[in-house]
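The values are calculated or read from the model by the stated rules, or taken from the named source; none is laboratory data. Just so you know, these numbers come straight off a predicted model, no measurement behind them. Calculation scope for accessible area: heavy atoms of the full protein, side chains included, ligands and nucleic acids excluded. Shrake-Rupley method; radii C 1.70, N 1.55, O 1.52, S 1.80 Å.
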Amino acid sequence: PGGILVLRVVLNPAGKPSWSWRLEDTRIRLSGHRAGYRSADEMAVLMQEAGFTVQINEVTKANPELIWMVGRADSRVKASGKK
């Protein structure tokens, strides 16, 4: 309870992806994995369902494909994740 979660969310670009997005996506695929891109709203819902209150949800000014989110664990949530 009261813990902090810092989350870096990479968005699937709406237009032409940047070179850094393409590089990271290629790195993930070459490692045998598949990236699952979710929207900031979807991630906020997942954080809330996990017992976090979203305090910061901001698009990075230098890179609109990247969002930083900060959540604080709800003090009513026990270690098991149940209220």
Completion exercise
For semi-axes √(5λ) of the Cα gyration tensor in Å, with candidates [x] 30, 16, 12; [y] 54, 15, 9; [z] 28, 15, 10, the value calculated from the shown model is option [z]
Problem - region 1-70: relative contact order as a whole-number percent, Cα under 8 Å and 6+ apart - result: 45
Handout entry: Amide H contacts under 5 Å for Leu11, placed H, 5+ residues apart
Key = Leu66, Ile67
Exercise for the section: Relative to the longest principal axis of the C-alpha atoms of the chain, give the angle of the C-alpha long axis of helix 19-30, reported between 0 and 90° and rounded to the nearest 10°. Expected result: 80
Handout entry: Between region 1-28 and region 31-70, the alpha-carbon center distance in angstrom
Key = 8
Practice task
May I ask for the angle, rounded to the nearest 10°, between helix 40-49 and the longest principal axis of the chain, with both axes built from Cα atoms and the value confined to 0 to 90°?
Solution key: 30
Completion exercise
Scalar couplings 3J(HN,Hα) for region 63-71 by Karplus 6.51 cos²θ - 1.76 cosθ + 1.60 (θ = phi - 60°), nearest whole Hz, x for Gly and Pro, are 8, x, 8, 10, 10, 10, 10, 10, x
Exercise for the section: Could you calculate the contour length gain from Asn63 to Arg8, that is, 0.36 nm times the residue separation minus the distance between their Cα atoms, to one decimal place in nm? Expected result: 18.6 nm
Practice task
With the full set of protein chains in place, find how many percent of the accessible area of region 1-77 is carbon and sulfur; take the probe as 1.4 Å.
Solution key: 56
